[in-house]
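Okay, structure first, notes after.
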Amino acid sequence: MQRYQLGPNGALVLATDMVATKLNELQEDIDSYRADYALFDSPGQVELFAFRPSGQVIAKGLSSEERALLFVYDAWLCNSPENFLALSLLASSVRLRFSIPFISVLNKIDLAREEAGRVISWSSEPEKLIDDLSLKGEDHLLYTYLADALIKGEFIEKLIPVSAATTEGIEDISGNLSMLFRGGEESYE
């Protein structure tokens with residue numbers, strides 16, 4: 001921020017753009033770990049990574065053919081059907097933008113068990129989402145149409161509940177990635 005005289009947002013944009021220019025070095029670091037999977041956490045400002053060109057350069061520029069995008073739903077943020085639907089629309093937009101395999105994850109389940117249970121039910125039985133919408137009039141109609149379109153397009157899928165603090169659900173992510181890339185077979189290189 002000081003070096004380029006940028007504010008917080010400008011610094012995040014520049015940092016992301018700079019990462020995109022260092023993919024060879026990043027790939028060397030990743031390869032040195034010889035890990036089955038490498039997870040990258042982008043800044044919480046989704047538009048920074050998802051809608052700027054550098055995000056796609058980073059996501060598609062690393063050498064692995066096995067890549068997927070994990071979209072993280074926050075259990076606190078999507079605790080109402082309206083918020084869940086709004087985040088599902090955002091997830092769908094990101095999914096369409098990247099055109100790579102996509103896995104939806106619900107985080108902070110250790111901090112929001114009750115909320116997480118509701119959200120998981122909406123993601124596994126989307127009809128409950130429509131039933132739980134509490135809006136009236138035009139708003140209800142709009143949300144119902146949007147929910148119906150996401151359901152019919154199969155853009156609402158069951159979320160994988162996880163906790164970074166307890167590591168609960170991390171094996172489920174690994175299993176989903178294994179199914180996605182290897183038909184369920186683990187790699188033992």
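Filter segment 102-132 for residues that are surrounded by fewer than 18 Cβ atoms within 10 Å (Cβ to Cβ), touching a Phe, Trp or Tyr at 6+ places or on another chain (Cβ under 8 Å) and in a loop (DSSP other than H, G, I, E, B) and give the result.
Leu111
How many residues are free of Cβ contacts under 8 Å to residues at least 24 places away in the same chain and over 20 Å from Gly153 (Cα atoms) when one looks only at segment 89-136?
Residues flagged as free of Cβ contacts under 8 Å to residues at least 24 places away in the same chain and over 20 Å from Gly153 (Cα atoms) within segment 89-136 amount to 4.
Taking the criterion of being under 30 Å from Val57 (Cβ atoms), modelled with pLDDT under 90 and of a type in the set (D, E, K, R), would at least one residue in segment 137-152 satisfy it?
So far as segment 137-152 goes, no, none of its residues is under 30 Å from Val57 (Cβ atoms), modelled with pLDDT under 90 and of a type in the set (D, E, K, R).
Can you confirm whether segment 166-174 contains a residue that is over 26 Å from Ala68 (Cα atoms) and in a loop (DSSP other than H, G, I, E, B)?
No, the conditions are met nowhere in segment 166-174.
The values are calculated or read from the model by the stated rules, or taken from the named source; none is laboratory data. What you see is a predicted model, and the numbers here were worked out from it, not measured in a lab. Using ideal geometry, Cβ is built from the backbone for each residue, glycine included, and neighbour counts are taken over all protein chains shown.
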